[in-house]
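Enquirer: Below are the structure tokens for one structure; questions will follow.
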Amino acid sequence: MLETVPDGILLVDKPQGISSHRVVSIARRRLGLKKIGHAGTLDPMATGLLLLGVGASTRLLTHLVGLGKTYTATIRLGVSTDSDDADGTPTAAVGVADADVSEGAVERAVAAQRGQIDQVPSTVSAIKVDGRRAYDLARKGETVELRSRSVTVSRFDVTARTEHTVTVDGADVAVVDLDVVVTCSSGTYVRALARDVGAALGTGAHLTALRRTAVGPFDVADAVDVESEAVDVRAALARPVDVARRLFPTVALDAAAAKDLTDGKRVAADHPDSDAPVAAVAVADDRLVGLVSVRRGQLRVITNFPAPTEARP
């Protein structure tokens with residue numbers, strides 16, 4: 001009996017120390033399929049939720065990329081690095097002994113990063129400058145000047161703090177570690193939040209830990225370890241129709257209407273007008289037929305989703 005070609009969204013809990021592209025490669029091997037993409041990467045140091053689009057569901061990635069994200073992180077006050085995280089090289093280790101890092105001062109610095117802010121991304125980032133990645137330019141010693149961008153930080157809370165001493169280049173340095181929770185718009189750099197909090201306190205800072213716990217309505221608690229051979233990766237795929245239901249309003253189609261929409265015809269439906277995507281679902285087999293807009297009771301295809309196909313032997 002032939003199996004269908006894998007199709008769906010895979011929620012992966014990325015481990016520390018490997019790149020997001022390595023995760024995609026592992027998923028390709030496990031599923032025997034080249035058509036796999038992602039909805040935003042994580043740095044090698046970071047762990048947590050990656051959303052992978054498999055097969056025809058890569059068409060959903062456009063709608064997943066822009067979703068808001070939630071992170072837990074640890075900010076170390078007193079030491080700066082060239083990448084604003086623990087993978088970088090220390091550039092200053094002034095410690096916190098001569099700075100005001102009281103709870104009140106920290107809260108003021110953190111509060112200044114909440115809401116809609118203009119943020120300059122970290123220099124060691126994947127942003128392109130004249131067609132080249134910023135991290136490639138920085139690692140070659142070239143000057144990198146990135147433009148600020150508007151991002152929204154809806155939550156930035158300190159949940160715990162620890163005062164201790166670390167050794168940097170042979171010297172003992174007094175530092176404060178802040179455990180934080182951040183919910184932000186797509187495109188926000190949590191590393192840059194740490195950097196800017198440290199700058200506001202006059203002591204420098206970087207991230208020592210970062211974990212993405214949610215992307216939009218999707219939670220890392222539902223993610224799998226794609227490296228584990230004990231995990232049935234195919235069974236872990238979220239069906240495109242189930243993903244679409246979590247993202248969009250839906251309109252139900254009978255078999256004839258589903259076929260007409262698949263053939264590119266306009267289909268009548270009792271649904272409010274909407275330029276934003278609406279998920280058209282075939283009732284007979286509970287399948288995502290397409291994402292559509294609605295105008296004057298007519299469905300117009302934005303993106304079609306093919307019916308499951310069988311894998312070639």
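No value in this document is a laboratory result; all are computed from the given coordinates. This is a predicted model, so every value here is computed, not measured. All Cβ positions, even for glycine, are placed from backbone atoms using ideal geometry, and neighbour counts span all protein chains on display.
Enquirer: Over the alpha carbons of segment 146-266, what is the largest minus smallest coordinate on each principal axis, giving the biggest first in Å?
Expert: 73, 41, 27
Enquirer: Within the set of other residues whose C-beta is less than 14 Å from the C-beta of V23, count the net charge using Lys and Arg as +1 and Asp and Glu as -1.
Expert: Combined, the nearby Lys, Arg, Asp and Glu give +2.
Enquirer: Using a basic spin-label model with each label point 7 Å from the Cα along Cα→Cβ, how many nm lie between K265 and Q16?
Expert: The modelled label-to-label distance comes out at 5.8 nm.
Enquirer: Also, I was wondering about something else. Residues with beta-carbon under 13 Å from that of T152, excluding T152: net charge, scoring Lys, Arg +1 and Asp, Glu -1?
Expert: Net of charged neighbours comes to +3.
Enquirer: Report, in deg cm²/dmol and to the nearest 500, the calculated mean residue ellipticity at 222 nm for the chain, where each DSSP H run with n ≥ 4 adds -39500 (n - 2.57) and the sum is divided by the residue count.
Expert: It lands at -5500 deg cm²/dmol.
Enquirer: Please report the net charge: other residues with Cβ closer than 12 Å to the Cβ of R195, K and R +1, D and E -1.
Expert: Within the 12 Å Cβ shell, the charges total -2.
Enquirer: Within segment 1-109, report the GluC sites (Glu not before Pro) that DSSP leaves as loop and that have at most 15 other Cβ atoms within 10 Å. Before the final figure, lay out each step's value.
Expert: Numbers: sites: E3, E103, E107; in loops: E3.
Answer in residue order: E3.
Enquirer: Just the number: Rg to Rh for the chain, Cα atoms, Kirkwood Rh, two decimals.
Expert: Looking at the chain, the ratio lands at 1.06.
Enquirer: Could you give each residue of segment 166-181 its phi-based ³J(HN,Hα) in whole Hz, using Karplus coefficients 6.51, -1.76, 1.60 with θ = phi - 60°, and x for Gly or Pro?
Expert: 10, 9, 10, 6, x, 10, 7, 10, 7, 9, 10, 9, 10, 7, 9, 10
Enquirer: Let me ask another. Where in the chain are the DSSP H helices whose alpha-carbon span along the long axis reaches 15 Å or more and whose Kyte-Doolittle mean is at least -0.5?
Expert: Details: long enough: 20-31 (17 Å, -0.36); 190-201 (17 Å, 0.86).
Those that pass (Cα extent of 15 Å or more, hydropathy at least -0.5) are 20-31, 190-201.
Enquirer: For segment 248-303, list log₁₀ I(q)/I(0) at each q in 0.20 Å⁻¹, using the Debye formula over Cα point scatterers of equal strength and ignoring solvent, two decimals each.
Expert: -0.57
Enquirer: On a full-extension model of 0.36 nm per residue, what is the gain between R114 and D232, subtracting their alpha-carbon distance, rounded to one decimal in nm? The partial results should precede the final answer.
Expert: Values: separation 118, 0.36 × 118 = 42.48 nm, distance 4.03 nm.
Additional length available on full extension: 38.5 nm.
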